[in-house]
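To start, the structure under review is shown below, and the notes come after it.
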Amino acid sequence: VSADGSDAQTRESFVQPLGVGYEHCDAVALLAEARLAGEQVVQKLNAPSVQAGVRDLILMPTNLWLTIHESIGHSTELDRALGFEANYAGTSFVTPDHLGKLQFGSPIVNVVGDRTEPKGLATVGFDDDGAKAMRFDIIKDGVFVGYQLNRQMAQANAAALGTDRSNGCALADSPGHIPLQRMANVSLQAAADGPSTEELISRVERGIYVVGDRSWSIDMQRFNFQFTGQEFHRIEKGKLVGQLGDVAYQATTTDFWGS
C-alpha cells in the first residue's frame, strides 16, 4: 500500500502448479520467493504507467499458459466449435471447415494436447469415457490440424474429422454427472535449438517482459482478447530497465500467434 493510501498492489506466487502431492510444497523455495515478492511489489507500486502502442512481448510461462488456455485451448474444443457451449462460455471461430486449412499461427507454432504429460493437471490413464489417454497435434507448423475430442463428438462428426477416434478428452466432475468434453494439457512446443530467456531479451529493441497471470477478457468466439499479468518489465535495447504499471496486451488470436 502506498504511503498516502492511494494505491495498493499485489504479487502472487509464480510456483508452477503440478499434479502431485504435498511434496511439491517441500520442493520449492516458498520463503525465498515470498521475500523476493515483497521487494518486487514495492517496485510495482512505484512503476510508471505504460504508454499505449505496439511492442514486442516476451511472455514467461507463468503468463503464457493463460493465453494458450483461452485462445487455443478453448477455441479447439469441438463441442464448443459446434455450438454446444454457446449458452455458457461461447463458441469458437475455429469451425470444422477450417480443419487442415486455417493458418492459426506462424510456421514455428506447434501446439499439442496431451493427457499423458507427467504431473500435468489434466493427466490421466483413461478418460471418463474409458478412452486411453494420448498425445495429439492441435496446431502443426502453424496450421490447425486437430480438435480435442471425446467419444460423442468424434463419432458424431467422423465424416468431417476423418476419424471416429476419441483423443481422451472426456471428464465428469463427479460420479453423479455424465462426462463432457474437457481440455487436455495444451502446450506450445519449444524449439529444440531455441534461445534462452536472456538471449530473447537481448534481441528486443523496445518491448515488455511479462510475468505471472492476472486477468483476461476474450470474446464469445475466442478471437479478440486482452490479457494482463502480475509484473511488467520494460525492455530497451536488449536490457530490462525497470517495471511498468497498468499494462494489458490485446490482439486477435490469429494475429497474435501469426506474429
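The values are calculated or read from the model by the stated rules, or taken from the named source; none is laboratory data. Because the structure is predicted, anything quoted here is derived from the model rather than measured. Please note: Cβ atoms are built from the backbone with ideal geometry, for glycine as well, and neighbour counts cover all protein chains shown. Just so you know, the surface numbers come from the protein's heavy atoms only, side chains and all, with ligands and any DNA or RNA stripped out. Shrake-Rupley method; radii C 1.70, N 1.55, O 1.52, S 1.80 Å.
In a residue-by-residue description of segment 91-111, the property of being at pLDDT 95 or above, closer than 26 Å to L200 by Cβ, among the hydroxyl-bearing types (S, T, Y) and in a helix (DSSP H, G or I) applies to no position.
Across segment 246-259, what is the total count of residues that are open to solvent by 70 Å² or more (accessible area, probe 1.4 Å) and assigned to a strand (DSSP E or B)?
Our first condition is that a residue be open to solvent by 70 Å² or more (accessible area, probe 1.4 Å); within segment 246-259, this holds for 246, 250, 255, 259.
Retained after the next criterion (residues that are assigned to a strand (DSSP E or B)): 250.
Residues in segment 246-259 being open to solvent by 70 Å² or more (accessible area, probe 1.4 Å) and assigned to a strand (DSSP E or B): 1 in total.
Residues that are more than 18 Å from L200 (Cα to Cα), under 16 Å from the mean Cα position of the chain (by Cα) and not in a helix (DSSP H, G or I): does segment 236-245 have at least one? Looking for residues that are more than 18 Å from L200 (Cα to Cα), under 16 Å from the mean Cα position of the chain (by Cα) and not in a helix (DSSP H, G or I), one finds none in segment 236-245, hence no. Would you point out the residue of segment 75-102, among those that are of a type in the set (S, T, Y) and in contact with a helix residue (DSSP H, G or I) (Cβ under 9 Å, 6 or more places away or on another chain), that is surrounded by the fewest Cβ atoms within 10 Å (Cβ to Cβ)? Ranking the qualifying residues of segment 75-102, first place goes to T95. Residues in segment 164-201 that are outside any helix (DSSP H, G or I), loosely packed, with under 13 Cβ neighbours inside 10 Å and free of Cβ contacts under 8 Å to residues at least 12 places away in the same chain: D173, S174, P175, G176, H177, I178, A190, A192, D193, G194, P195, S196.
Taking the criterion of being under 22 Å from the mean Cα position of the chain (by Cα) and modelled with pLDDT of 95 or more, would at least one residue in segment 149-162 satisfy it? So that I can check it myself, show each step before the final result.
So in segment 149-162, the residues under 22 Å from the mean Cα position of the chain (by Cα) come out as 149-150.
Those still in the list that are modelled with pLDDT of 95 or more too: 149-150.
Yes, the conditions are met somewhere in segment 149-162.
A Cβ distance below 8 Å, combined with a sequence gap of six or more or placement on separate chains, defines the contacts here; from segment 9-22, residues that are within 25 Å of Q243 (Cβ to Cβ) reach residues that are modelled with pLDDT of 90 or more and open to solvent by 70 Å² or more (accessible area, probe 1.4 Å) in the pairs Q16/P61; P17/L121.
Applying the set (1) within 23 Å of G105 (Cβ to Cβ); (2) within 17 Å of the chain's Cα centre (by Cα); (3) open to solvent by less than 80 Å² (accessible area, probe 1.4 Å) to Q230 leaves exactly one unmet item: (1). Inside segment 147-163, residues that are open to solvent by less than 40 Å² (accessible area, probe 1.4 Å) and in a helix (DSSP H, G or I) make up a count of 4. Only residues that are assigned to a strand (DSSP E or B) and among the hydroxyl-bearing types (S, T, Y): list them for segment 202-235, please. Across segment 202-235, the qualifying residues are Y209, S215, S217, T228.
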